[in-house]
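The values are calculated or read from the model by the stated rules, or taken from the named source; none is laboratory data. Predicted model, so just to flag it, every value in this text is computed and none were measured. Reconstructed Cβ throughout: ideal geometry from the backbone, glycine too, with neighbour counts over all protein chains shown.
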Amino acid sequence: MLDFPRWKVTAIVAFLAALCALAIPSLPYVGRLTDNLGFHVPKINLGLDLAGGSYLLLEADVNDVKTTRLQQMQEQVQTEMRRQTPRIDIGETSTRDGKLTFMLRDPSQVDAARERLLSITGGGAGMTGQREWDIAVVDTSRFVLTPTDAGIKQAIDTAMQDATEVVRRRIDELGTREPTIVRQGDNRIVVQVPGLQNPQALKDLLGKTAKLEFKLVDQTATPEQLTKNQPPIGSQILPYPTNPAGIPFIAVKRSAIITGDQLTDARQEFEPQTNAPMVGITFDSQGGRKFARVTQENTNKPFAIILDNSVISAPNINEPILGGRASISGSFTVQSANELAIALRSGKLPVALKVVEESTVGPDLGADSIRAGILASAVAVALVVAFMFVTYGRFGIYANIAVVINVFVIVGVLALINGTLTLPGIAGFVLTIGTAVDANVLINERIREERHRGRSVVQSVELGYKEASRTIFEANMTHAISGIIMFVLGSGPVKGFAVVLLIGIATSVFTAVTFTRMLVALWIRRNKPKTINI
């Protein structure tokens, strides 16, 4: 127990020194100095309640969810009717009045069409759960699909879950730390971003739905059709602000070659010839094969790159685009190209979000909280140090050294993991300091008991650490279990408190047991005392 070879001493000292060094940039004045000098070093991030920041309340457009759902069902119906054998021919489909309608060309196929519709709307044999679509046949051959209330509610809930995750990924890509993103009610999302005093960039990024599509250009459309918004059959007219032809519109095929759902990566890059900013994108294997096949079949024809139903560019397919990579170029700056890449990487928002409430939290309250937290920590350390020195003498000094090092180690670990310190986190920090010497109290009392039984100094110290370690481990395990439960089940302030508490438990056990045992072992080996006062 008291055998500490040189390599072990070196490893412990180096480990603690490294963590203490990581804590230095997080100190108030040192942190400002490193920022001014332009050094990017890991340090603790302050939460919204300490550093201030931006608060946004986002609301989803429920009608957008309904419209998107109808469009998806429309594509599903068209695919399903022509995918199987025999093929079922249908006329033009309509999504007016919140319903999907279409006419069969052959009325004798009504029963077959109904069976296929039941298989894609969740109403077939063996299906369980609530029906999401009502299917009706009107005038012997016209089908009407109406979404049920249960289906709409489920679609909104799924869209909000996906939107919350997309918002989280986009904000993390901005470089912020530990944002608070939670749902509120059925169609709202609360976003709190610490340290961001100007929320406009955040609002701009979250406002993009990032719906990316590649469609073939319909070259049969005349300028008159474009200006009158009368697209040829099977096509649609979309805005094209940068159209070299001067007409701010362009006709494209309704069916997409490929969509952003099949992207695996998007990065801001530069064009080799002009060095202009662009966005390089990479498709998955299925998307890459499909893109290669379409570009092979349509060489020397233009295709449109569409973002949020607006055409960015319409380049010509000079040769087949193989390898699953393509690029999006246009009137980009480095910042706008990077923002588009972030939006595409994080995925498209399944529903349009609008800001219904926003506010900026100033750092003044946070500064007062930090000062109060530092004062509380200093008082806690001072009282603990005084108590341990008076009660246990030399062994109390070793415990005090461990407490001071433990303070820096906790800060260093938080900085290493890019942790965020909130007001509840400060409470957990102060609590950890106050209880950091519990292990040393148990050890010292056990050593005192062994000395009273007449054991030698070495035996007393060895048995004191050995017997107390079991109790220390069990006591801290119960604390850790409570902290883990708070971390898993809690959110926001509760989770921040749990993080600091768990780090403090781990670091205090190491410094109070392993580190102090090393100091005591080195002192005994060097001085070989015949007695100890404890």
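Among the residues of the stretch 263-278, those that are at pLDDT below 85 and buried (at least 18 other Cβ atoms within 10 Å of the Cβ) comprise Leu263, Ala266.
Within the stretch 73-88, is there a residue that is surrounded by 14 or more Cβ atoms within 10 Å (Cβ to Cβ) and under 29 Å from Gln184 (Cα atoms)? Checked the stretch 73-88: at least one residue is surrounded by 14 or more Cβ atoms within 10 Å (Cβ to Cβ) and under 29 Å from Gln184 (Cα atoms). Note on the stretch 370-390: residues that are surrounded by 15 or more Cβ atoms within 10 Å (Cβ to Cβ) and either outside the structural domain of Ala439 (by TED's automatic domain parsing) or of a type in the set (Val, Ile, Thr) (or both) amount to 4. Do we have Gly483 as at pLDDT below 90, crowded, with 19+ Cβ neighbours inside 10 Å and in a helix (DSSP H, G or I) here? Spelling it out, Gly483 is indeed at pLDDT below 90, crowded, with 19+ Cβ neighbours inside 10 Å and in a helix (DSSP H, G or I). Under the condition of being closer than 13 Å to Ala512 by Cβ and among the aliphatic types (A, V, I, L, M), which residue from the stretch 468-488 is farthest from the chain's Cα centre (by Cα)? The selected residue is Ala468. I'd like the residue in the stretch 453-470 that is touching a residue at least 60 places away in the same chain (Cβ under 8 Å) and not hydrophobic (A, V, I, L, M, F, W, C) and, out of all such residues, is surrounded by the most Cβ atoms within 10 Å (Cβ to Cβ). Of everything passing the filter in the stretch 453-470, Tyr465 is surrounded by the most Cβ atoms within 10 Å (Cβ to Cβ). Residues in the stretch 282-327 that are farther than 23 Å from Ala341 by Cβ, among the polar types (S, T, N, Q) and modelled with pLDDT of 85 or more: Gln296, Asn298, Thr299, Asn300.
Only one of the listed residues (Ala475, Ala512) is buried (at least 17 other Cβ atoms within 10 Å of the Cβ), assigned by TED's automatic domain parsing to the domain that holds Thr391 and assigned to a helix (DSSP H, G or I). That residue is Ala512.
Take the conditions (1) at pLDDT 80 or above; (2) out of contact with any Asp or Glu (no Cβ under 9 Å at 6 or more places or on another chain); Lys354 misses just one of them, which is (2). Within the stretch 215-244, residues that are surrounded by fewer than 17 Cβ atoms within 10 Å (Cβ to Cβ) have Cβ atoms under 6 Å from residues that are part of a strand (DSSP E or B) and among the hydroxyl-bearing types (Ser, Thr, Tyr) in these pairs: Pro239/Ser310, counting only partners at least 6 apart in sequence or on another chain.
Checking each residue in the stretch 95-122 for being hydroxyl-bearing (Ser, Thr, Tyr) and either in a helix (DSSP H, G or I) or more than 22 Å from Asp149 (Cβ to Cβ) (or both) picks out Ser108, Ser119. Yes or no: Ser491 assigned by TED's automatic domain parsing to the domain that holds Val409, modelled with pLDDT under 90 and either farther than 30 Å from Leu46 by Cβ or more than 37 Å from the chain's Cα centre (by Cα) (or both)? No, not satisfied.
Only one of the numbered conditions (1) charged (D, E, K, R); (2) in contact (Cβ under 8 Å) with a residue 24 or more places away in the chain; (3) not in a helix (DSSP H, G or I) is violated by Glu92, and that is (2). Residue check: is Ser336 at pLDDT below 80, on the phi < 0 side of the Ramachandran plot, in the same structural domain as Val407 (by TED's automatic domain parsing) and not hydrophobic (A, V, I, L, M, F, W, C)? When the stated conditions are applied, Ser336 does not pass them. Of all the residues in the stretch 323-332, those that are touching a Gly at 6+ places or on another chain (Cβ under 9 Å) and surrounded by 13 or more Cβ atoms within 10 Å (Cβ to Cβ) number 5. Out of curiosity, is Glu450 surrounded by fewer than 24 Cβ atoms within 10 Å (Cβ to Cβ), out of contact with any Ser or Thr (no Cβ under 9 Å at 6 or more places or on another chain) and either without any contact (Cβ under 8 Å) to a residue 24 or more places away in the chain or in a helix (DSSP H, G or I) (or both)? Answer is no for this residue. Does the stretch 378-404 hold any residues that are over 28 Å from Leu48 (Cα atoms) and among the β-branched types (Val, Ile, Thr), and which are they? If the condition is that a residue be over 28 Å from Leu48 (Cα atoms) and among the β-branched types (Val, Ile, Thr), then Val384, Val385, Val390, Thr391, Ile397, Ile401, Val403 are the ones that fit.
Residue count for the stretch 57-72, restricted to those that are modelled with pLDDT under 85 and of a type outside the set (Ser, Thr, Tyr): 3.
Just to be sure before I move on: is Ala201 under 18 Å from Val166 (Cα atoms) and either of a type in the set (A, V, I, L, M) or at pLDDT 90 or above (or both) in the structure I sent? Considered against the rule, which asks whether it is under 18 Å from Val166 (Cα atoms) and either of a type in the set (A, V, I, L, M) or at pLDDT 90 or above (or both), Ala201 comes out as yes. Selection within the stretch 486-500: residues that are in a helix (DSSP H, G or I) and touching a residue at least 40 places away in the same chain (Cβ under 8 Å). The member of this set that is surrounded by the fewest Cβ atoms within 10 Å (Cβ to Cβ) is Val494.
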